[in-house]
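The values are calculated or read from the model by the stated rules, or taken from the named source; none is laboratory data. Just so you know, these numbers come straight off a predicted model, no measurement behind them. In this analysis, Cβ positions are derived from the backbone assuming ideal geometry, glycine residues included, and neighbour counts consider all displayed protein chains. Just the protein is used for accessible areas: all its heavy atoms, side chains included, with ligands, DNA and RNA removed. Shrake-Rupley method; radii C 1.70, N 1.55, O 1.52, S 1.80 Å.
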Amino acid sequence: MIVKTFKKVDEKIYTEKLDNGLEVYLYKTDKTKNFYITISVKYGARITKYKKGNKVVDVIPGSAHFLEHKVMALSENKEISKRINDLGSLANAWTSYYGTNYNIFGSINLIENLKLLLDIFYNTNITEKSVEEEKGIIGEEIDMYKDQIDSLMYTKLFDNLFNKTYCKHTVVGEREDIAKITAKSLNNVYNDYYVPNNTFIVVTGNFDTEEVMTTIKEYMKKLNQKPKELPKRIKEKEAETVSIPYEEIKKDMENTRVKYAIKMKKNIFGIKDDNILKDYLGIILSNNFSATSELFERYKDNEIVIGMNYGVNVIDDYLIININALTNDGNKFIENIEKDIKKLKLNEEEFERKKKKYLKSYILDFDNIEDVEYLISLSLMMDGKIDYNEYDKLVNLNYKEANRIMKLINYDNVSIIRTIK
């Protein structure tokens, strides 16, 4: 094992890459008696097509999430489920566009919990019968998301913003997608991506690092899996223009919801680090659209909004800025935001104050073992590495650069989605 240290917070990670390519990250702390164990695979819903050797494989939308259900199939594996319950532990899983995470949270017998999670991950049995039975459950999950208005609006917004990119499909897929999924299609993806050199383990909490690492190594030795050549993701070529500039969703609601989004090439800013770019834009947008901003107060006083927030997303080569509003008058909000979005402002005092909040938030993340795990896992899924110097990068954010970025925002490609009665 080697030891890596997060700058400023002086928090250490014990890490090792095994011969089969599996990466292990151990964060030991005496701040808690609990532990959090996760196994993650760098395969998520953004992989819609890939090349394996000379063969091109089209992935059915929703496959990554469906596969999560079949790997974490505790309802089928009642013995493992009972053992987890007897230990008083909680097992869960989640899938994003970037990866899939399987986890156990507990407080007693970490080693047994670790072995149970390894058994879940590496002893997957996907049959045609079990796939057909799962389709109804996932179909209900799809319907549930569609019943949630904010979830539905985000789905439609990103579908309207893009022409071909992966986010035109939701992580869970649509019912017509799920109907096409078979045991064979899931097993193909499992065999291509669920391999040691595309997988990492993170353990956070109070434990013996040597004991945990030895347990993982012994388990891997019995599996005797070798590294595999990973398929190459095929990225669709995306047009700069939005697919649909405006759409209305009919919904009998007391208030109107509006999502106003701008799409632009991220390379116009000349910043290679997506996280730094998002930090700068987060500060700029917070200053203009958060609940403490002057614009929000003015909008509220003039009854333009009831509530307002913002978001920044990087989707392959594109950057998305979205402003979300709850309002009594959708037309009035859209009319005002179209003018005010181009009048962004930021002074140095405000910039420094918001930067301090980012620095404080980064430090506080290390007070919670689940936050530390998420920081590690998200970094590995999205960037392929952990940035141990993130604090220094935040410290080096500067007002002059923020102003430069603010002036480069391109407002040419906009998509709006709103509710109407």
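Quick notes on this one:
- Strands (runs of 3 or more DSSP E) completely within region 173-269 that count 3 or more residues being hydrophobic (A, V, I, L, M, F, W, C) and open to solvent by less than 20 Å² (accessible area, probe 1.4 Å): 199-205, 256-265
- Contacts under 7 angstrom Cβ, first residue in region 126-153 being on the phi > 0 side of the Ramachandran plot, partner open to solvent by 30 Å² or more (accessible area, probe 1.4 Å) and of a type outside the set (Val, Ile, Thr), 6 or more apart: none
- Residue count for region 375-395 under the criterion of being free of Cβ contacts under 8 Å to residues at least 24 places away in the same chain and over 17 Å from the mean Cα position of the chain (by Cα): the result is 0.
- With respect to the conditions (1) of a type in the set (A, V, I, L, M, F, W, C); (2) buried (at least 23 other Cβ atoms within 10 Å of the Cβ); (3) over 21 Å from Thr204 (Cα atoms), Leu114 lacks only one, and its number is (3).
- Region 396-409, residues that are surrounded by 14 or more Cβ atoms within 10 Å (Cβ to Cβ) and either touching a residue at least 60 places away in the same chain (Cβ under 8 Å) or touching a strand residue (DSSP E or B) at 6+ places or on another chain (Cβ under 9 Å) (or both): Leu397, Glu401, Ala402, Ile405, Met406, Ile409
- Tabulated pairs, region 343-362, first open to solvent by 70 Å² or more (accessible area, probe 1.4 Å), second assigned to a helix (DSSP H, G or I) and at pLDDT 95 or above, C-beta under 8 angstrom, 6+ apart or interchain: Lys345/Asn287; Lys345/Asn288; Glu348/Tyr399
- Every residue from region 147-164 that is open to solvent by less than 10 Å² (accessible area, probe 1.4 Å), closer than 18 Å to Glu236 by Cβ and part of a helix (DSSP H, G or I): Asn160, Leu161
- Hits in region 313-340 - residues which are under 14 Å from Asn287 (Cα atoms) and either free of Cβ contacts under 8 Å to residues at least 60 places away in the same chain or out of contact with any strand residue (DSSP E or B) (no Cβ under 7 Å at 6 or more places or on another chain) (or both): Asp340
- Number of positions in region 35-62 that are more than 30 Å from Leu114 (Cα to Cα) and in contact with a Pro (Cβ under 8 Å, 6 or more places away or on another chain): 5
- Residue check, Val71 touching a Phe, Trp or Tyr at 6+ places or on another chain (Cβ under 7 Å), farther than 19 Å from Arg233 by Cβ and either surrounded by fewer than 17 Cβ atoms within 10 Å (Cβ to Cβ) or in contact (Cβ under 8 Å) with a residue 12 or more places away in the chain (or both): yes
- Hits in region 4-44 (condition: assigned to a strand (DSSP E or B), in contact (Cβ under 8 Å) with a residue 24 or more places away in the chain and open to solvent by 10 Å² or more (accessible area, probe 1.4 Å)): Lys4, Thr5, Glu11, Tyr14, Glu16, Glu23, Tyr25, Lys28, Tyr36
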